[in-house]
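Accompanying notes for the structure given below.
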Amino acid sequence: MKKIIVLVTLAVLVSPLMAATQTITLSVPDMNCAVCPITVKKALSKVSGVSKTDVNLDRRQAKVTFDDAKTSVDQLTRATMDAGYPSTLLESTE
């Protein structure tokens, strides 16, 4: 029983150390009006773990900073897809 408690305590203490903030750039080619970036930004901002979004209509890109322990690239691209703007990963920096 002591071993289980020690392992659980260790897992709780170590898991925040394993989380990392990532910044990615998504290509969002279907953005074509002034409202599109607002919609994409709102969809991405609702995803748990997202701390910053910067959406550029001219480049048709979204730069997203997020906690990879709380969300993933798949969840981010799903959020834009669900908002009507399919996206793909262009670039990732850690």
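Numbers below:
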{"quantity": "Helices (runs of 4 or more DSSP H) contained entirely in the range 1-90, each with at least 1 residues that are modelled with pLDDT of 95 or more and touching a Ser or Thr at 6+ places or on another chain (Cβ under 6 Å)", "calculated": "35-45, 73-82"}
{"quantity": "Members of the range 55-87 that are surrounded by fewer than 18 Cβ atoms within 10 Å (Cβ to Cβ) and more than 12 Å from the chain's Cα centre (by Cα)", "calculated": "56, 57, 58, 59, 81, 82, 84, 86"}
{"quantity": "Every residue from the range 43-54 that is among the polar types (S, T, N, Q) and surrounded by fewer than 17 Cβ atoms within 10 Å (Cβ to Cβ)", "calculated": "45, 48, 51"}
{"quantity": "Cβ-Cβ under 8 Å pairs, at least 6 apart or on other chains, the range 43-67 side in contact (Cβ under 8 Å) with a residue 40 or more places away in the chain, far side buried (at least 20 other Cβ atoms within 10 Å of the Cβ) and of a type in the set (Ser, Thr, Tyr)", "calculated": "43/80; 43/85; 63/53; 64/53; 65/53"}
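The values are calculated or read from the model by the stated rules, or taken from the named source; none is laboratory data. Given the structure is predicted, the values throughout are model-derived calculations rather than measurements. Note: ideal-geometry Cβ built from the backbone for every residue, glycine included; neighbour counts use all protein chains shown.
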